[in-house]
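The values are calculated or read from the model by the stated rules, or taken from the named source; none is laboratory data. Here the structure is a predicted model, which means the values were calculated and not measured. Ideal geometry is used to build each Cβ from the backbone, glycine not excepted, and the neighbour counts take in all protein chains shown.
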Amino acid sequence: MIPPLIYSSDKCKSSAETLATSIGTASSDEKEMIQHCHLYLSETGLSFFHPEARSTKKFKIDFNSGKTLWRTNRVEHEKLIKKALGKHEAPLSILDCTAGMLQDTLLFLSLGHKVTALEQSKILFY
């Protein structure tokens, strides 16, 4: 079950509704939902909040900047990824059982492979 998506302002409403529909959840601007597990869309991006997490801050991953962008742009130089995948002409079907923050999954996807990502942590993947 995907938690509801709460948007911060009317500016984000259309994007929130589109995203919520595409991932199969509801969108809302209801502030009372803030105390429950939810996705949060604002002008700064999409984040995640879980009330049982140790941190009270919303969790945000930005795949378009920092270390993740750098790794994605130079995926051909990732030695461990090359060793794990070997040489294949056709795209592989990969099962990533330690999805974590999806960084390796993103690399596999950027190489054109099909990936199923699993994560045990209920905090990360509600």
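Below are the figures for this structure:
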read-out	value
Test result for K82, more than 29 Å from P4 (Cβ to Cβ), basic (K, R), at pLDDT below 80 and surrounded by 11 or more Cβ atoms within 10 Å (Cβ to Cβ)	yes
Filter pass, K58 being in contact with an Asp or Glu (Cβ under 8 Å, 6 or more places away or on another chain), surrounded by 13 or more Cβ atoms within 10 Å (Cβ to Cβ) and over 26 Å from F108 (Cβ atoms)	no
Number of the exception - F49 against (1) surrounded by 14 or more Cβ atoms within 10 Å (Cβ to Cβ); (2) farther than 24 Å from Q103 by Cβ	(2)
For I2: the one exception among (1) touching a residue at least 60 places away in the same chain (Cβ under 8 Å); (2) out of contact with any strand residue (DSSP E or B) (no Cβ under 9 Å at 6 or more places or on another chain)	(2)
Residue in segment 95-110 that is over 28 Å from F49 (Cα atoms), at pLDDT 80 or above and surrounded by 13 or more Cβ atoms within 10 Å (Cβ to Cβ) present	no
Test for P91: is it closer than 30 Å to P4 by Cβ, part of a loop (DSSP other than H, G, I, E, B) and over 18 Å from the mean Cα position of the chain (by Cα)	no
Any hit, segment 61-79, residues being of a type in the set (D, E), modelled with pLDDT of 80 or more and either not in a helix (DSSP H, G or I) or not assigned by TED's automatic domain parsing to the domain that holds D104 (or both)	no
Where a residue in segment 15-29 is under 15 Å from F48 (Cα atoms) and its partner, wherever it lies, is of a type in the set (G, A, S) and in a helix (DSSP H, G or I), with Cβ under 8 Å and at least six apart	A26/A20; S27/A16; S27/A20
Filtered residue count, segment 94-126, keeping only those that are of a type in the set (K, R) and outside any strand (DSSP E or B)	1
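The rows are residues; the columns are (1) closer than 19 Å to F59 by Cα; (2) modelled with pLDDT under 90.
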site: P3; (1), (2): yes, yes
site: C12; (1), (2): yes, no
site: T18; (1), (2): no, no
site: I23; (1), (2): yes, yes
site: S27; (1), (2): yes, no
site: K31; (1), (2): yes, yes
site: Q35; (1), (2): yes, yes
site: L39; (1), (2): yes, yes
